[in-house]
Every structure is written in structure tokens, then in C-alpha cells.
Amino acid sequence: MGPHRARSKHKQRTLGVLLASAIASLMIVVMPGTQAHADPTVTEIEAQITKIWGEAEPLIEEYNGVHEKYKKTQAQQADLAAKIEPLQRQVELGQARVGFIAAQVYKAARPTPSTRSSPAVRRRTWPNNCNSWTP
């Protein structure tokens, strides 16, 4: 190795050390220092628990009240559903009877002038505008 090469390596090493120290100095200046803090004491933790419990307790009580109302409402709904069931069956039976009667009346009825809807029906069922109906 020649003397030129030895100086070049020495310059590179010196330049590397200077660069590293400059970066380290810059990081110390720019980066904020970490603050040391002590862990909370037992008294502080108990105070936090008391505060949080004071905020949570009214919400828990409100939930309990709403849940009780919900259970009562469910019981009322089940009671009403049991009472409505036989009435619903009676309504359905009545509707079926009315439908059957209406079908029987429809099948047995003869057209009258008031039940006719169009002139074509009138000509076919009431020829010559007479008062007797012929099928």
C-alpha cells in the first residue's frame, strides 16, 4: 500500500467519526428528552377508581331500571298474545264464513238492472228492454 492510500483511509475514518458525532449531537438537540415519571401511588389509583365508579354507577342503575321495564313489557306482551290467540281464531273463522256465504249468494243471484255493468250485458240479458230476464 502506498502512502497516498493510507492518508485517504485516515481521512475517511476521521470524516466518519466527525459525521457520526455531528449526527449524535443533532439528535440530542432535536429530539425531545424523555420525561421520567413515577408510577401512580395506591392513593392516586384508589381516587381514580372512585371517580370512575361515581361516573359509572348512575349508568348501571339506569340500565337496571330499563332492563326491569323490558322484562315486564315482555311478560305483558306474552300475556296479551295468549289472550289474542282465541280471538284471532274467531275472526278468521268469521271471515271464512262470510266468504262462504258471499260465494253462495254470488252463485245463486240473478242479475238485476242495478247489477248490470255494460250495455252489452244489458242487450244479452234484457232483450228488447223487457222486464223479464232470460238466460
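The values are calculated or read from the model by the stated rules, or taken from the named source; none is laboratory data. Quantities reported herein were computed from a predicted structural model and do not represent experimental measurements. Reconstructed Cβ throughout: ideal geometry from the backbone, glycine too, with neighbour counts over all protein chains shown.
A single entry from VAL42, VAL98 fulfils the requirement of being out of contact with any Lys or Arg (no Cβ under 9 Å at 6 or more places or on another chain) and surrounded by 10 or more Cβ atoms within 10 Å (Cβ to Cβ): VAL98. For ASP39, the criteria (1) at pLDDT 75 or above; (2) assigned to a helix (DSSP H, G or I); (3) charged (D, E, K, R) hold in every case but one, which is (2).
Just so you know, in the range 93-122 the residues that are part of a helix (DSSP H, G or I) and among the charged types (D, E, K, R) include one that is modelled with the highest pLDDT, and it is ARG97.
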